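Please read the structure below before turning to the comments.
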Amino acid sequence: MRSLARRLVLVLAIGLAAPAAAREGPVVAAPAGAMRGADEAGLRVFRGIPYALPPVGERRWRVPAAMPPWQGVRDATRFGASCVQPDYPAGIYADDVGPTSEDCLTLNIWAPAAAGRLPVFVWIHGGALERGSSRLGVYDGAALARRGLVVVTINYRLGVLGWLAHPALSAESPDHVSGNYGLLDQIQALRWVRDNIAAFGGDPGNVTVAGESAGALGVMYLMASPEARGLFHRAIAQSAYMITAPELREGRFGLPSAEAAGAAVQDRLGAADLAAMRAASPARLLAAARGTRFFPFPVVDGAIVPRQLVETFDRGEQAPVPILAGFNDGEIRSLRFLLPPAPVTRRAYEQAIRAAYGELAGDFLRFYPATDIDASMLAATRDAMYGWTAERLAAKQTALGQDAFLYVFDHGYPAADRAGLHAFHASELPYMFGTIGRTARAWPSIPRDAAEESFSRQMVDYWASFARAGRPEAAGAPAWPAYGRERAYMWFGTTPRAAARLLPGRYALHEEVVCRRRAAGIAWNWNVGVASPPLPPRAAGCR
């Protein structure tokens, strides 16, 4: 009996020890419910916080619903599952996203211990709207939080589960639309931030929404969507691309309608109706989407996304907020799948450009000459997609009377340069997050020396100060002038340097090409250089 009593005491002691240890973390009582996070080197960190009901079963392909307040104290020390996605292909971007699930609508928060009405920085991850996660080490928010920000990183639905439009889905919607579920997730996350971030010391009246690549695409669509108006106050778009989007019911610009693309996925799946599609496993849906070459992308539906982005920004209907936008010099060096096959000879290259660009061919060949075909093709595709978009964002926000700050990231280091990846797509991320030691496994290794650490500190400073007060500033670094009439920008090379009139003439060239293609009903941006269709004639409103 005495032995049994001792065992019971031991069991009780062990059972109480774990909760006591868990209770050491900081507890926040938010409107969503109480949660316990972790104390990490002076920061309060909360992971895996649900901001919407799980979009599973009958909730698959529906507008995200707010999570009801929970009872008790929720554990918020571990990341939630990443959203369902295909495996990363081998390469520099391959990373461990951990477990995946449809129950993935969570966010993570890094906050200073003494936070109080601090600016909020909300990050949207990249990954072509098909892959990625808020849990990746490169997105760790600690360095930005130590600059006095409350940092939030979010998950959102990806691929066919996040961007499928379908006639049956539109029919059941009160707005008679479908397809933008991933964007609606981002909007719901911003609503959660508005309603709850004050409990973490953040200021819901000072929110910056930021993202890179597909995350920057999300930033632009948030700027364009009436549903997101007022939920953020500044924007950061890194390597954004303002390309042609599918329209909900009408095939335009050479693209099928989004509903037709969704119906093709249903046919490939062999599902009799929407109920059968909702009952299908995520693996089967991914396979069906792959079989139809389904491309996840926002849908112009007249409601969530009123019109093509280029038109929204031309009309000045986007959110009137300050912006920081830019691109990388070597964007396409790690994205060569975006390039068409190269002509074998200089003559063949010139002939193809003259046939495609007509009276603009002289300008095109001056900027992208045949003397180095590979370099010219890399530069032309970069400028037509990322460079044109970045400068367009700066120019259009300036026209609205908002401050705009443009940059080019041209920073190299030995491992990347040896691999032919100087300033490649996304290579600015570990610098501006201050995570140069936390990149993906095959990422070209960044030296951990004083020069790289100093460069990273300056980028973190610039980004944090823009989120704080709308002006990018860094200790011991040059002043970053607003874009304005001088078309000023910051060049991030070996060190930051301010300059003006980025790549003279190139923005105007690509703006003219896009303008003519839009007027003629031709898609823009993907079909660049030797892959370009014949240039349409000059149209009203074009130069």
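Numerical summary
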{"read-out": "Percent of C-alpha pairs per 5 Å bin, segment 236-392, short to long", "value": "1, 8, 12, 13, 14, 15, 14, 11, 7, 3, 2, 0"}
{"read-out": "Share, in percent, of DSSP beta bridges within the chain that are antiparallel, nearest 5", "value": "40"}
{"read-out": "Neighbour net charge for Tyr51 - beta-carbon separation under 10 angstrom, K R +1, D E -1", "value": "-1"}
{"read-out": "Exposure of Thr345 as accessible area (Å², to 10), given a probe of 1.4 Å and all protein chains", "value": "70"}
{"read-out": "Probe 1.4 Å, protein heavy atoms only - accessible area per residue of the chain in square angstrom", "value": "39"}
{"read-out": "Which of Arg346, Arg135 is most accessible, then next, and so on - probe 1.4 Å", "value": "Arg346, Arg135"}
{"read-out": "Debye, to nearest 20: dipole size of the chain, +1 on Lys, Arg Cβ, -1 on Asp, Glu Cβ", "value": "620"}
{"read-out": "At least 27 Å along the helix axis (C-alpha) and Kyte average at least -0.5, DSSP helices within the chain", "value": "2-22, 450-469"}
{"read-out": "Nearest-20 debye value, segment 80-200 charge dipole, Cβ charges on Lys, Arg, Asp, Glu", "value": "600"}
{"read-out": "Whole-Å distance, taken between Cα centres, linking segment 151-175 and segment 405-477", "value": "33"}
{"read-out": "Residue-count net charge about Arg382 - beta-carbon cut-off 11 Å; Lys, Arg +1, Asp, Glu -1", "value": "-1"}
{"read-out": "Read-out Rg and Dmax of the Cα atoms in Å, derived from the coordinates shown; its label in (i) 23.4, 74; (ii) 24.3, 99; (iii) 26.0, 80", "value": "(ii)"}
{"read-out": "Modelled FRET efficiency - R0 35 Å, Glu473 with Val27, Cβ distances, 0.05 increments", "value": "0.50"}
{"read-out": "Environment charge of Asp87, counting only residues whose C-beta is closer than 15 Å and scoring Lys/Arg +1, Asp/Glu -1", "value": "0"}
{"read-out": "Unit charges at the beta carbon, dipole of the chain: most positive-side option, Gly80, Gly541, Leu222", "value": "Gly80"}
{"read-out": "Taking the chain and dividing mean pair separation by its residue count, relative contact order in percent (alpha carbons under 8 Å, at least six apart)", "value": "14"}
{"read-out": "Apportionment of accessible area to carbon and sulfur, the chain, percent (1.4 Å)", "value": "55"}
{"read-out": "Cα→Cβ-extended label distance, 7 Å offset, between Ala303 and Ala65, nm", "value": "1.7"}
{"read-out": "Partnerless cysteines, meaning none of the other Cys C-beta atoms lie under 4.7 Å away, in the chain", "value": "none"}
{"read-out": "DSSP loop GluC sites (Glu not before Pro) with at most 16 other Cβ within 10 Å excluded, longest remaining stretch of the chain", "value": "25-249"}
{"read-out": "The chain, helix-only ellipticity at 222 nm - DSSP H runs n ≥ 4, -39,500 (n - 2.57), divided by all residues, nearest 500", "value": "-10000 deg cm²/dmol"}
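The values are calculated or read from the model by the stated rules, or taken from the named source; none is laboratory data. Since we're looking at a predicted model, the values are computed, not measured. Here the Cβ is made from the backbone with ideal geometry for all residues, glycine too, and neighbour counts use every protein chain on show. Each accessible area value is taken on the protein alone, full model and side chains, heavy atoms only, with ligands, DNA and RNA left out. Shrake-Rupley method; radii C 1.70, N 1.55, O 1.52, S 1.80 Å.
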